[in-house]
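To start, the structure itself, in C-alpha coordinates.
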Amino acid sequence: MQSKLSDIDLIEQTLAGNQSAYADLVKRHQRFVFTLAMRFSKSREDAEEIAQDCFIKAYRSLAAYQGQSKFTTWLYTIVYHTAMTFLRKKRVATDSIDDEGTYIQVENHESAYDADNVENKSRSYYLNQAIEQLLPDDATIITLFYKGEQSLEEIAQTLGMEANTVKVKLFRARQRLKEKLERNLKHEVKELI
(Lines give C-alpha, C1' and ligand atoms only; values in the text may rest on other atoms or scores of the structure.)
Protein backbone atom coordinates (compact mmCIF):
# COMPACT_ATOMS: atom_id res chain seq x y z
CA MET A 1 0.00 0.00 0.00
CA GLN A 2 2.78 2.42 0.91
CA SER A 3 4.43 2.11 -2.52
CA LYS A 4 1.38 3.68 -4.18
CA LEU A 5 1.61 6.75 -1.97
CA SER A 6 3.35 9.86 -3.28
CA ASP A 7 6.55 11.19 -1.75
CA ILE A 8 4.54 13.98 -0.12
CA ASP A 9 2.14 11.48 1.47
CA LEU A 10 5.06 9.46 2.83
CA ILE A 11 6.68 12.63 4.19
CA GLU A 12 3.45 13.63 5.94
CA GLN A 13 3.12 10.17 7.47
CA THR A 14 6.76 10.26 8.59
CA LEU A 15 6.28 13.64 10.23
CA ALA A 16 3.20 12.23 11.96
CA GLY A 17 5.40 9.54 13.52
CA ASN A 18 5.11 6.63 11.08
CA GLN A 19 8.69 5.33 10.81
CA SER A 20 7.80 2.74 8.17
CA ALA A 21 6.72 5.55 5.85
CA TYR A 22 10.26 6.93 5.92
CA ALA A 23 11.63 3.44 5.31
CA ASP A 24 9.45 3.28 2.18
CA LEU A 25 10.74 6.69 1.10
CA VAL A 26 14.32 5.47 1.54
CA LYS A 27 13.61 2.27 -0.43
CA ARG A 28 12.11 4.32 -3.23
CA HIS A 29 15.16 6.57 -3.63
CA GLN A 30 18.12 4.59 -2.24
CA ARG A 31 19.33 3.22 -5.54
CA PHE A 32 19.55 6.60 -7.24
CA VAL A 33 21.07 8.28 -4.18
CA PHE A 34 23.72 5.55 -4.16
CA THR A 35 24.34 6.00 -7.90
CA LEU A 36 24.90 9.73 -7.42
CA ALA A 37 27.19 9.10 -4.46
CA MET A 38 29.18 6.66 -6.61
CA ARG A 39 29.60 9.32 -9.28
CA PHE A 40 31.41 11.46 -6.74
CA SER A 41 33.31 8.97 -4.62
CA LYS A 42 34.26 6.19 -7.07
CA SER A 43 34.35 3.87 -4.05
CA ARG A 44 31.49 1.60 -3.06
CA GLU A 45 32.25 1.93 0.66
CA ASP A 46 32.41 5.73 0.50
CA ALA A 47 29.24 5.87 -1.61
CA GLU A 48 27.40 3.73 0.93
CA GLU A 49 28.55 6.03 3.73
CA ILE A 50 27.54 9.15 1.77
CA ALA A 51 24.13 7.66 0.96
CA GLN A 52 23.53 6.72 4.60
CA ASP A 53 24.55 10.21 5.74
CA CYS A 54 22.18 11.71 3.17
CA PHE A 55 19.18 9.78 4.41
CA ILE A 56 19.99 10.65 8.02
CA LYS A 57 20.31 14.36 7.11
CA ALA A 58 17.11 14.19 5.08
CA TYR A 59 15.24 12.59 7.99
CA ARG A 60 16.45 15.24 10.43
CA SER A 61 15.54 18.02 8.00
CA LEU A 62 12.27 16.57 6.75
CA ALA A 63 10.18 19.11 8.63
CA ALA A 64 12.05 21.88 6.78
CA TYR A 65 11.03 20.49 3.37
CA GLN A 66 8.41 22.94 2.13
CA GLY A 67 7.41 21.29 -1.12
CA GLN A 68 8.48 24.22 -3.31
CA SER A 69 10.42 21.77 -5.48
CA LYS A 70 10.10 18.05 -6.04
CA PHE A 71 11.27 15.92 -3.13
CA THR A 72 13.90 14.33 -5.36
CA THR A 73 15.39 17.73 -6.16
CA TRP A 74 15.59 18.52 -2.45
CA LEU A 75 17.07 15.09 -1.69
CA TYR A 76 19.63 15.24 -4.51
CA THR A 77 20.74 18.64 -3.23
CA ILE A 78 21.51 16.95 0.08
CA VAL A 79 23.40 14.21 -1.78
CA TYR A 80 25.48 16.76 -3.68
CA HIS A 81 26.43 18.79 -0.60
CA THR A 82 27.04 15.71 1.55
CA ALA A 83 29.30 14.18 -1.09
CA MET A 84 31.26 17.40 -1.52
CA THR A 85 31.73 17.74 2.24
CA PHE A 86 32.73 14.08 2.56
CA LEU A 87 35.28 14.34 -0.23
CA ARG A 88 36.75 17.56 1.16
CA LYS A 89 37.19 15.92 4.55
CA LYS A 90 38.68 12.79 3.07
CA ARG A 91 40.80 14.63 0.51
CA VAL A 92 40.72 11.69 -1.81
CA ALA A 93 43.59 11.42 -4.27
CA THR A 94 42.37 11.37 -7.84
CA ASP A 95 42.29 7.97 -9.50
CA SER A 96 43.30 7.17 -13.03
CA ILE A 97 40.38 6.87 -15.41
CA ASP A 98 41.84 3.51 -16.40
CA ASP A 99 41.63 2.17 -12.84
CA GLU A 100 40.33 -1.39 -13.07
CA GLY A 101 38.89 -1.14 -9.56
CA THR A 102 36.27 1.34 -10.64
CA TYR A 103 32.88 -0.01 -9.71
CA ILE A 104 30.28 -0.12 -12.45
CA GLN A 105 26.79 -1.06 -11.49
CA VAL A 106 24.83 -2.98 -14.10
CA GLU A 107 21.21 -3.80 -13.54
CA ASN A 108 20.38 -7.43 -12.87
CA HIS A 109 17.41 -8.59 -14.93
CA GLU A 110 15.55 -11.85 -14.37
CA SER A 111 15.84 -13.03 -17.96
CA ALA A 112 19.55 -12.54 -18.42
CA TYR A 113 19.60 -14.92 -21.37
CA ASP A 114 17.17 -12.92 -23.43
CA ALA A 115 18.99 -11.24 -26.33
CA ASP A 116 17.37 -7.87 -25.71
CA ASN A 117 18.42 -7.88 -22.08
CA VAL A 118 21.97 -8.85 -22.99
CA GLU A 119 22.12 -5.98 -25.47
CA ASN A 120 20.66 -3.55 -22.90
CA LYS A 121 23.22 -4.70 -20.32
CA SER A 122 25.99 -4.14 -22.82
CA ARG A 123 24.75 -0.63 -23.58
CA SER A 124 24.35 0.10 -19.90
CA TYR A 125 27.86 -1.19 -19.20
CA TYR A 126 29.50 0.99 -21.86
CA LEU A 127 27.44 4.01 -20.91
CA ASN A 128 28.26 3.64 -17.21
CA GLN A 129 31.91 3.07 -18.07
CA ALA A 130 32.00 6.29 -20.11
CA ILE A 131 30.17 8.25 -17.38
CA GLU A 132 32.70 6.99 -14.82
CA GLN A 133 35.47 8.52 -16.93
CA LEU A 134 33.89 11.98 -16.84
CA LEU A 135 34.73 14.62 -14.29
CA PRO A 136 32.40 14.43 -11.25
CA ASP A 137 30.49 17.59 -12.24
CA ASP A 138 29.85 16.28 -15.75
CA ALA A 139 28.84 12.86 -14.44
CA THR A 140 26.47 14.43 -11.93
CA ILE A 141 24.72 16.61 -14.51
CA ILE A 142 24.37 13.69 -16.96
CA THR A 143 23.07 11.43 -14.19
CA LEU A 144 20.55 13.96 -12.86
CA PHE A 145 19.28 14.83 -16.34
CA TYR A 146 18.99 11.36 -17.85
CA LYS A 147 18.68 8.92 -14.97
CA GLY A 148 17.05 11.29 -12.51
CA GLU A 149 14.88 12.84 -15.23
CA GLN A 150 15.29 16.27 -13.70
CA SER A 151 14.72 19.45 -15.64
CA LEU A 152 17.46 22.04 -16.14
CA GLU A 153 15.81 24.21 -13.49
CA GLU A 154 15.74 21.36 -10.98
CA ILE A 155 19.39 20.54 -11.63
CA ALA A 156 20.26 24.22 -11.26
CA GLN A 157 18.51 24.30 -7.91
CA THR A 158 20.22 21.08 -6.80
CA LEU A 159 23.70 22.29 -7.76
CA GLY A 160 23.19 25.95 -6.83
CA MET A 161 23.73 27.25 -10.38
CA GLU A 162 21.79 29.21 -12.96
CA ALA A 163 19.67 27.17 -15.39
CA ASN A 164 21.59 28.59 -18.38
CA THR A 165 24.88 27.51 -16.80
CA VAL A 166 23.49 24.00 -16.35
CA LYS A 167 22.34 24.00 -19.98
CA VAL A 168 25.86 24.88 -21.18
CA LYS A 169 27.47 22.36 -18.80
CA LEU A 170 25.04 19.66 -19.94
CA PHE A 171 25.86 20.35 -23.58
CA ARG A 172 29.60 20.13 -22.88
CA ALA A 173 29.15 17.02 -20.72
CA ARG A 174 27.24 15.33 -23.56
CA GLN A 175 30.08 16.14 -25.94
CA ARG A 176 32.67 14.69 -23.56
CA LEU A 177 30.47 11.62 -22.99
CA LYS A 178 30.17 11.11 -26.73
CA GLU A 179 33.97 11.29 -27.08
CA LYS A 180 34.45 8.75 -24.27
CA LEU A 181 31.90 6.38 -25.81
CA GLU A 182 33.47 6.65 -29.25
CA ARG A 183 36.94 6.01 -27.84
CA ASN A 184 35.80 3.09 -25.66
CA LEU A 185 33.73 1.44 -28.36
CA LYS A 186 36.45 1.91 -30.98
CA HIS A 187 38.83 0.09 -28.62
CA GLU A 188 36.26 -2.70 -28.12
CA VAL A 189 35.80 -3.12 -31.87
CA LYS A 190 39.58 -3.42 -32.36
CA GLU A 191 39.66 -6.19 -29.74
CA LEU A 192 37.03 -8.17 -31.66
CA ILE A 193 38.93 -7.99 -34.97
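The values are calculated or read from the model by the stated rules, or taken from the named source; none is laboratory data. Predicted model, so just to flag it, every value in this text is computed and none were measured. Every residue, glycine among them, receives a Cβ derived from its backbone with ideal geometry; neighbour counts consider all protein chains shown. What goes into the accessible areas is simple: the full protein's heavy atoms, side chains included, and nothing from ligands, DNA or RNA. Shrake-Rupley method; radii C 1.70, N 1.55, O 1.52, S 1.80 Å.
What figure in square angstrom, to the nearest 10, would you give for the accessible area of residue 7 with a 1.4 Å probe?
30 Å²
Which whole-number percent gives the relative contact order of segment 1-97, counting Cα pairs below 8 Å spaced six or more residues apart? Walk me through the numbers before you get to the answer.
Details: 68 pairs, mean separation 24.3, N = 97.
Normalised by residue count, the contact order of segment 1-97 is 25 percent.
So what's the net charge close to residue 167: Lys and Arg +1, Asp and Glu -1, counting the other residues with Cβ under 13 Å from its Cβ?
Values: positive: 169, 172, 174; negative: 153, 154, 162.
Net charge around residue 167: 0.
Label residue 16 and residue 176 with points 7 Å out from Cα along Cα→Cβ: what is the distance between them in nm?
Here the answer is 4.6 nm between the modelled labels.
Just to be sure I understand the model, the point goes 7 Å from the Cα along the line to the Cβ. What's the resulting residue 124 to residue 56 distance in nm?
With each label point 7 Å from Cα toward Cβ, the separation is 3.0 nm.
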